[in-house]
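Scroll down for the structure; my scribbles are underneath it.
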Amino acid sequence: MPRYWLRCIGCGAEYPGSARVYSCPACGDLLDIVYDMDREVSEIPWLRNFESRPLGVWRYRELLPVEDYRHVVSMNEGGTRLIRCRNLERELGIKEIYVKYEGDNPTGSFKDRGMTVGVTKAVEAGAEMTICASTGNTSSSLAAYSARAGLGCAVLVPLKRIALGKLSQALIHGAKVLAVRGNFDDCLRIVRELSRDPRFYFLNSINPFRLEGQKTAAYEIYEQLGGVVPDYLMIPIGNAGNIVAYWKGFSDLKSLDLADGLPRLMGVQAEGACPIYRAFVEGANEIRPLNNVETIATAIRIGNPVNWKRALRAVRETGGLVEAVSDEEILAAQRILASREGIFAEPAGASPIALLIRAARKGLIEHDSRVVCIVTGHGLKDPDIVLKSSRNLIEVDAEIGSILRALEIPMQGRLF
Ligand code: AN7
């Protein structure tokens with residue numbers, strides 16, 4: 001029996017793990033990776049506190065779908081900090097609040113967890129060129145991992161709608177960066193069509209291998225909390241791949257008898273780009289894609305998310321919810337996280353904090369809860385937004401008097 005294989009989330013058809021398919025050839029739905037869990041459990045050293053492997057994606061290699069661990073394309077991704085936020089706890093009246101800081105990853109976002117697996121699969125498949133559509137972070141990550149693997153890389157991004165840091169990363173890593181006159185959903189539609197051409201290896205989150213890498217963040221949180229799962233997990237939703245990955249990771253812990261239950265998955269979208277939120281509040285079983293989406297959180301400016309079906313299931317089955325927050329709430333949350341806790345998130349990465357603040361004020365979460373917020377990307381990805389939304393610089397002359405005046409500290413008297 002093989003160690004892992006592919007299974008369609010719609011019709012249940014199964015394919016070998018080596019098959020180069022991105023969606024189900026029979027019905028077109030998405031594919032999931034399944035493992036022979038009985039066999040794996042007996043082989044998982046981290047279940048037995050095997051300490052010699054560092055925290056990170058490949059610590060969990062028995063539950064990752066690669067042929068030969070020795071040949072992975074890796075930059076030691078994962079192993080990101082889980083940071084306790086005592087100032088937020090005090091201000092919001094919640095017992096335990098943590099940030100899982102995915103900005104710690106090699107290219108500054110959670111995408112690297114998926115790319116180390118996805119680009120390894122591209123190499124296994126004998127690909128020469130990778131391709132993706134991206135709101136930014138996927139392109140940075142794919143460009144870097146493709147460079148490391150010696151593969152060509154093309155990324156399609158929406159013209160003028162991608163943050164400066166992300167664009168500069170894709171360029172310096174040598175990708176062909178195509179700025180499309182359209183939005184992310186246009187880019188993805190084109191890339192999906194191109195993916196039928198075997199000359200391209202397709203690495204959007206439709207590719208089931210990426211989510212496998214991303215699920216390891218759930219295992220890490222469990223270990224970092226000392227062997228428990230949180231009560232609530234706050235997480236941004238764009239294309240909805242990451243929330244599905246966490247769902248899978250926490251579900252694994254339950255089926256391995258390591259945890260009793262799953263955290264409530266609390267998804268957050270931007271008000272101007274919230275098709276999953278709408279389906280959730282309407283109790284609908286399908287989303288209606290949105291054509292005109294707008295938000296300062298460009299990472300999640302997506303109107304037709306591919307993973308909506310499993311995202312809705314994840315939220316409903318765990319007793320969670322999906323909320324939509326305004327751009328003002330996102331910017332306020334970004335500033336609060338930075339100024340109270342010293343943690344700098346890009347706007348999409350700060351949106352879980354906006355959700356937390358709203359949920360705490362509305363009394364949606366109990367005071368004695370343990371909450372983990374997934375800060376998905378580093379603040380330096382999008383420096384422009386800070387300069388636009390923050391206080392101005394104070395320009396001063398190069399002499400002490402001018403500086404003290406600017407600081408509103410009197411000339412007389414002593415500061416120390
Ligand atoms: C910082 O880079 O879709 O719900 O093309 O960059 O799994 O899509 C980025 C998404 C959240 C949403 N936070 O995750 C892309 C892209 C940040 C992100 C999301 C993204 P998904």
Multiply the residue separation of LEU171 and SER390 by 0.36 nm, subtract the distance between their alpha-carbon atoms, and state the gained length in nm to one decimal. 76.1 nm
Which whole-number value in Å³ per residue fits the convex hull of the alpha carbons of region 242-323? 85 Å³
Please identify the GluC sites (Glu not before Pro) of region 272-326 that satisfy two criteria: DSSP loop assignment and at most 11 other Cβ atoms within 10 Å. Which are they? GLU286
With each label point set 7 Å from Cα along the Cα-Cβ vector, what nm distance links LEU407 and ARG181? 5.3 nm
Ranking request for peptides 400-409, 235-244, 9-18: highest mean number of other beta-carbon atoms within 10 Å first, then the rest in descending order. 235-244, 9-18, 400-409
Rounded to whole Å², per residue accessible area for region 255-306 with a 1.4 Å probe reads 46 Å²
Given +1 on the Cβ of Lys and Arg, -1 on the Cβ of Asp and Glu, and no further charges, what dipole in debye does region 231-363 carry about its Cα centre, rounded to the nearest 20? 180 debye
In a solvent-free Debye calculation with one equal scatterer on each Cα, what is log10 I(q)/I(0) for region 135-218 at q = 0.15, 0.20, 0.21, 0.26 Å⁻¹, listed in the order of the q values? -0.54, -0.97, -1.06, -1.40
Take the solvent-accessible surface of the protein heavy atoms, probe 1.4 Å, and return the percent of it on region 139-228 that carbon and sulfur atoms account for. 53 percent
Over the chain: helical MRE at 222 nm, DSSP H runs n ≥ 4 each giving -39500 (n - 2.57), nearest 500: -11000 deg cm²/dmol
For region 92-226, what does the relative contact order come out to in percent, with C-alpha contacts under 8 Å and a separation of six or more? 28 percent
What lysines could a cross-link reach from LYS95, if we take a straight Cα to Cα line under 25 Å and drop same-chain neighbours fewer than 8 places away? LYS254, LYS362
Between GLU91 and GLU271, the two model label points (7 Å from Cα along the beta-carbon direction) sit apart by a distance in nm of 2.0 nm
Looking at the chain, send over the antiparallel percent of its DSSP beta bridges, to the nearest 5. 35 percent
Would you mind giving the average projected area, over all directions, of the Cα convex hull of region 137-289 in nm² with one decimal? 11.3 nm²
Along its principal axes, what span do the Cα atoms of the chain show, with the longest given first and each in whole Å? 81, 48, 47
Using a 1.4 Å probe on heavy atoms of the protein chains only, the accessible area for THR107 in Å², nearest 10, reads 10 Å²
How much of the accessible area of region 290-369, probe 1.4 Å, is carbon plus sulfur, in whole percent? 49 percent
Would you mind pulling out the separation of the Cα centroids of region 1-32 and region 196-259, in Å? 18 Å
Going by accessible area, probe 1.4 Å, with all protein chains left in place, what is the ranking of MET411, MET37, largest first? MET411, MET37
Give the cross-link partners of LYS166 among the lysines, using a straight C-alpha distance below 24 Å as the criterion and excluding same-chain residues fewer than 8 apart. LYS100, LYS111, LYS121, LYS176, LYS215, LYS381, LYS388
Could you pull the accessible area for PHE184 with a 1.4 Å probe, rounded to 10 Å²? 10 Å²
Farthest toward the dipole's positive end in region 332-416, which of GLY379, ALA333, ILE343, given Cβ charges of +1 (Lys, Arg) and -1 (Asp, Glu) about the Cα centre? ALA333
Cut-off 10 angstrom, C-alpha nodes, Gaussian network model of the chain. Which of VAL99, VAL229, VAL21 fluctuates the most? VAL21
Assuming a viscosity of 0.692 mPa s and a temperature of 37 °C, what translational diffusion coefficient in µm² per second does Stokes-Einstein assign to region 268-416, Rh being the Kirkwood radius over Cα pairs? 184 µm²/s
With all protein chains present, calculate the accessible area of ASP397 using a 1.4 Å probe and round the result to the nearest 10 Å². 100 Å²
Sorted largest first, extent of region 201-299 alpha carbons per principal axis (Å): 43, 36, 27
Calculate how steeply helix 347-361 sits against the longest principal axis of the alpha-carbon atoms of the chain, using the helix alpha-carbon long axis, and give the answer as 0 to 90 degrees to the nearest 10. 70 degrees
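The values are calculated or read from the model by the stated rules, or taken from the named source; none is laboratory data. Source: prediction; values computed, not measured. For neighbour counting, all protein chains shown are included, and Cβ atoms are generated from backbone atoms with ideal geometry for every residue, glycine included. Surface accessibility is based on the protein's heavy atoms, side chains included, excluding ligands, DNA and RNA. Shrake-Rupley method; radii C 1.70, N 1.55, O 1.52, S 1.80 Å.
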